[in-house]
Amino acid sequence: MNLPILVSAIVFWLAAWAVNEWLVRQRFEGDAANRAARFAVPILFGVTLLVLWEGIVRGFSVPSVLLPAPSMIWQRLINSLPTLAADFRQTFLKAVLVGYALGCGLGFVVAILIDRSPFLQKGLLPLGNFVSALPVIGVAPIMVMWFGFDWQSKVAVVVIMTFFPMLVNTIAGLAAASHMERDLMRTYAASWWQTLVKLRLPAAWPFIFNALKINSTLALIGAIVAEFFGTPIVGMGFRISTEVGRMNVDMVWAEIAVAAVAGSVFYGVVALVERAVTFWHPSIRGGRA
Amino acid sequence: MTMREESFLRDKLLPVGTVVALLILVWYVAVIFLNAPFERDTAARAGTEIGFSQIVHNTMAQERPVLPAPHQVIAEIWDTTVNKPITSKRSLVYHAWITLSATLLGFGIGAALGILLAIGIVHNRAMDRSLMPWVIASQTIPILAVAPMIIVVLNAIGISGLLPKALISTYLSFFPVVVGMVKGLRSPEGIQLDLMHTYNASQAQTFWKLRWPSSMPYLFTSLKVAVAISLVGAIVGELPTGAVAGLGARLLAGSYYGQTVQIWSALFMAAALAAVLVMIVGFAHTAVLKRMGAKP
């Protein structure tokens, strides 16, 4: 056991905790300082986690097969950038993005198509809710059988996974405009299209973006898990399952780090677009809602 | 538009039934189209002509179809649930039980952890500011990708069986509970909190008499999501264990050996399990709300 490293990690943790406790109680002059403080708190917490992790792994000399230290993972990540880039291209740029666009687009279009038929809506909404609760990921082996080992089968899995959340949320969103507002559109003699574009779609954006955000993580999960059922020799899921078999746990963690950053950035981009599109919504305007 | 009384038959059964019937119809048509090439190939190889009606007949009863017909799947489910003893490795009930036990253990730990974290976040500003962004960020990580590693690594140090799978379920299910409960525990309005203040209620009293009861609807809504997702976690957790037991193992074994009927029956079993679990949480929800005096 390496006591000094362990102790210094714990000291760092306690110090960071104290700083955070102090930071959240402060009121700074000016907006910029306040905003910086708000960012600093979670970042400090994250750094603390990493330091603790490093400290515990080194302090107790945990075997790297069990849990590699962050510094070791970073080393591995830097050393195997080409492999990671190839995996990223295969899984994220091909399977995830294409499947996400197709699945979300399809869900949206179908929701608009059945908008005029309350009968179909009543039939599809409970089913969509039901399917959203199902372990849809299980279709992965079937899709791999149908569409082959390459990224097309992963696209199919992602499409199926993202379709239903989008459908359900869009239908709910299109029903969000109130009767008063719809009556107003009627008094303007607005056509169905005009009502859709000018009133109901804008009212539905918060719901649609909710689905887009849920789907951004679902898509990545779907693509990676689908690769466990068979891939060409490239891809994030493939790399994870083979390197686990070879006990190269640091490589697995490097791959996970890439997946985590990709997933977070994907989510962040969708959230940023949401802020721009639904700037009028109370949760974004920063009211007390 | 006139307001009408909700009718179960007209507003629920008829539309849902129609859509389901349509889906089954599409399925059968797809069965014919997807399985026909195989029949034509066999006929061509045997040097015989095969008529359309014969193709349709054959596609419904292939050994390893591209897409099995619904009745084949149902027959397989019936065969593996009712006709096999529950303790047999070929019984679907046995595999479903293994998955279910991991799901429930993970769900239980995840829900408890989620509630505890939410209580901490609501009562401590530093936790709120520092933990909440990471709780959200933790879910943008495709954690299912880590599942095989957790399983294999824990196996390597001698922990195997239920716990590793349950841990994955835990990780997946704590998130909806944290988010829902933070919202729920903060749902009492300022005026109600002020009233508790005028009663000189302690923080614990405010919690048990105001915050906790008013968070119940949020809790159960997120529990429904959590139980569904912990089933997914348990199934994926079974993939890397080398297809030993559980619904995930059935999926993997089926895909290795091209047993499509087996894959579909495992899928249907998983779907039924998810539906039952969500329904149980739903019943608990209505029961608790009724106990609290809420109008249904």
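The table that follows gives values for the structure above.
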item: Number of partner chain Cβ atoms within 10 Å, mean per residue of B:10-18; result: 4
item: Theoretical FRET efficiency, 1/(1+(r/R0)^6), r = Cβ-Cβ of residue A:22 and residue B:113, R0 25 Å, to 0.05; result: 0.35
item: Three-way shape call for chain A based on the alpha-carbon gyration tensor, with the a/c threshold at 1.5; result: oblate
item: Shape category assigned to segment B:1-93 from the gyration tensor of Cα positions, a/c cut at 1.5; result: oblate
item: Estimated dipole of the protein assembly as shown in Debye, rounded to 20 [Cβ of Lys and Arg +1, of Asp and Glu -1, Cα centre]; result: 1100
item: Centre separation in Å (Cα based) which lies between segment B:68-93 and segment B:222-296; result: 17
item: Radius 14 Å from Cβ of residue B:175, net charge of other residues (Lys, Arg +1; Asp, Glu -1); result: +3
item: Sum of -39500 (n - 2.57) over DSSP H runs of 4+, divided by residues of chain A (222 nm, nearest 500); result: -24500 deg cm²/dmol
item: Helix-only mean residue ellipticity at 222 nm for chain B, each DSSP H run of n ≥ 4 adding -39500 (n - 2.57), per residue, nearest 500; result: -24500 deg cm²/dmol
item: Charge dipole (the protein assembly as shown, unit charges on Cβ, about Cα centre) - positive-most of A:155, B:173, A:64; result: B:173
item: Computed label-point distance, nm, for sites residue B:134 and residue B:29 using a 7 Å Cα→Cβ extension; result: 5.4
item: Phi-based couplings in Hz for segment A:214-221 (Karplus 6.51, -1.76, 1.60; Gly and Pro marked x); result: 4, 5, 4, 7, 4, 4, 5, 4
item: Kirkwood-type radius of segment B:92-291, with distances r between different C-alpha atoms, in Å; result: 18.2
item: Size of charge dipole - chain A - debye, nearest 20, with Cβ of Lys, Arg +1 and Asp, Glu -1, no other charges; result: 660
item: Test item: A:38-45 mean partner chain Cβ contacts at 10 Å; result: 4
item: Proximal charge balance of residue B:60 [Cβ under 15 Å; K/R count +1, D/E count -1]; result: -2
item: Cα centroid of segment A:71-98 to Cα centroid of segment A:165-223, whole Å; result: 36
item: Residue-by-residue Karplus 3J(HN,Hα) for segment B:247-253, coefficients 6.51, -1.76, 1.60, Hz, glycine and proline x; result: 5, x, 5, 4, 4, 5, 4
item: Helix A:3-25 vs. chain A, principal-axis angle (Cα, 0 to 90°, nearest 10); result: 40
item: Using alpha-carbon coordinates, inclination of helix B:125-140 to the longest axis of chain B, degrees; result: 10
item: Selection from B:124, B:216, B:47, by position along the positive dipole direction of chain B (Cβ); result: B:124
item: Total charge dipole magnitude, segment B:92-291, about the Cα centre, Cβ charges on Lys, Arg, Asp, Glu only, Debye to nearest 20; result: 300
item: Order of A:239, A:116 - criterion: other Cβ atoms within 10 Å of each residue's Cβ, fewest first; result: A:116, A:239
item: Computed Rg/Rh of the protein assembly as shown, alpha carbon atoms with Kirkwood Rh; result: 0.99
item: With Cα atoms, 0 to 90° folded angle of helix B:147-156 axis to chain B main axis; result: 90
item: Relative packing of peptides B:217-226, A:30-39 - highest average C-beta neighbours within 10 Å first; result: B:217-226, A:30-39
item: Number of partner chain Cβ atoms within 10 Å, mean per residue of B:124-135; result: 6
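Only the coordinates and a few stated rules stand behind these numbers; no lab work does. Quantities reported herein were computed from a predicted structural model and do not represent experimental measurements. Neighbour counts are summed over all protein chains in view; Cβ atoms, including those assigned to glycine, are modelled from backbone coordinates with ideal geometry.
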